[in-house]
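Below is one structure; the comments refer to it alone.
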């Protein structure tokens, strides 16, 4: 019995393919392999880019959290200096602490941290948190008139909004002498129209 070995079989099949057909087959295989290689490289580059972006984002988040925690130290400095009596404001110890505060703030500024301007500017919820509305006829409504707690930003990103007081228009604030329009237009109550009536009895 004649046994067709594998090499012989391949040679027999190959013998039925013309050189042009073989070249086309090889070209198709090369193009297929090249396309697969390009897809693999694109997937790898996308993965590498995503990992890089995630690493940068994670580092930025960590940096922001660290800087945000340091802002509390500046709050302690501000609170301490606001309580120092005038008669000891020139004390060497006070001056030394002031220099430490300035050095600490300068260190934050080298990292890109800057205070948010918050006096006599229009209120912007992106940068400010309103903790009180104050009637002030000398300022346009919606103007920041006082800072309760300083705000800071890192580049264009707000690390912490400033807590502020905002001016209000007196005409927008209802008073006892001038009740809101919806109350003033309701008309008299039953007791006002009929002083002797008893609402619980359902009639006069």
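The values are calculated or read from the model by the stated rules, or taken from the named source; none is laboratory data. If you're wondering where the values come from, they're calculated on a predicted model, not measured in any experiment. A quick note on method: Cβ atoms are made from the backbone with ideal geometry, for glycine too, and the neighbour counts reach across all protein chains shown.
Close Cβ contacts (under 9 Å, 6 or more residues apart or on different chains) running from residues in the stretch 128-141 that are under 28 Å from residue 159 (Cβ atoms) and assigned by TED's automatic domain parsing to the domain that holds residue 160 to residues that are assigned to a loop (DSSP other than H, G, I, E, B) and modelled with pLDDT of 85 or more comprise 128/116; 128/121; 128/151; 128/161; 129/151; 129/161; 130/123.
Taken together, the residues in the stretch 125-161 that are closer than 17 Å to residue 108 by Cα and either outside any strand (DSSP E or B) or in contact with a strand residue (DSSP E or B) (Cβ under 9 Å, 6 or more places away or on another chain) (or both) amount to 11. The residue that is surrounded by the most Cβ atoms within 10 Å (Cβ to Cβ), among those in the stretch 68-124 that are outside any helix (DSSP H, G or I) and touching a helix residue (DSSP H, G or I) at 6+ places or on another chain (Cβ under 9 Å), is 113.
The lone criterion from (1) outside any helix (DSSP H, G or I); (2) at pLDDT 80 or above left unmet by residue 16 is number (2). In the set (1) closer than 18 Å to residue 74 by Cα; (2) free of Cβ contacts under 8 Å to residues at least 40 places away in the same chain; (3) surrounded by 15 or more Cβ atoms within 10 Å (Cβ to Cβ), residue 148 fails one condition alone, (3).
Residue 167 meets each of the listed conditions (1) modelled with pLDDT under 90; (2) more than 24 Å from residue 80 (Cβ to Cβ) apart from (1).
When every residue of the stretch 52-65 is checked against the conditions, at least one turns out to be touching a residue at least 12 places away in the same chain (Cβ under 8 Å) and surrounded by 11 or more Cβ atoms within 10 Å (Cβ to Cβ).
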